[in-house]
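Presented below is the structure to which this report refers.
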Amino acid sequence: MQTFFLGIIAVSVVVLAVIQVGVIVYGVLLVKKVGRLVDLVETEIKPTLARVDAVAAEVTRATTLAVAQVERADQLFARLAERIDHVTTVAQDAVVEPFRQGSALLQGFRVALSVLREAAVAPRPPAPAEGPVNDDEEPMFIG
């Protein structure tokens, strides 16, 4: 009976060894399949990664151009504001100041005409009598 049990143990060891060899062979095959899958993914992803890199470079270039355009627009509006300010100043000097001076001139003419009108309309005081003026005729000033 001992030999029988030894035989069962030997057969069990052989079965375990076969199973272990099968697992190892299956593991090796699985590693090869995973390696092929990784190679396939790498070959498929490389063009995609190249496209992603190209898109990233294009986005960087577009961003740089956009920043440059915004800076140009800012400079353009700054120059436009300066020119509008200059034109306003020139217009004020060319139109408003002469208008003010003309208005002052017209005001001076009005005052002169009103003085002349008042002088023409106002009654004249009687002319003083001609002749020598005595000190007695002048009123005395008591201060």
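The values are calculated or read from the model by the stated rules, or taken from the named source; none is laboratory data. Since the model is a prediction, treat every value here as computed from it, not as a measurement. In this analysis, Cβ positions are derived from the backbone assuming ideal geometry, glycine residues included, and neighbour counts consider all displayed protein chains.
Yes/no matrix, rows are residues, columns are (1) acidic (Asp, Glu); (2) loosely packed, with under 10 Cβ neighbours inside 10 Å; (3) at pLDDT 95 or above:
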position	(1), (2), (3)
Gly22	no, no, yes
Thr48	no, yes, no
Val95	no, no, no
Pro98	no, no, no
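Would you check which residues across region 106-136 are of a type in the set (A, V, I, L, M, F, W, C) and either touching an Asp or Glu at 6+ places or on another chain (Cβ under 8 Å) or modelled with pLDDT under 80 (or both) and list them?
Of everything in region 106-136, those that are of a type in the set (A, V, I, L, M, F, W, C) and either touching an Asp or Glu at 6+ places or on another chain (Cβ under 8 Å) or modelled with pLDDT under 80 (or both) turn out to be Ala119, Ala120, Val121, Ala122, Ala127, Ala129, Val133.
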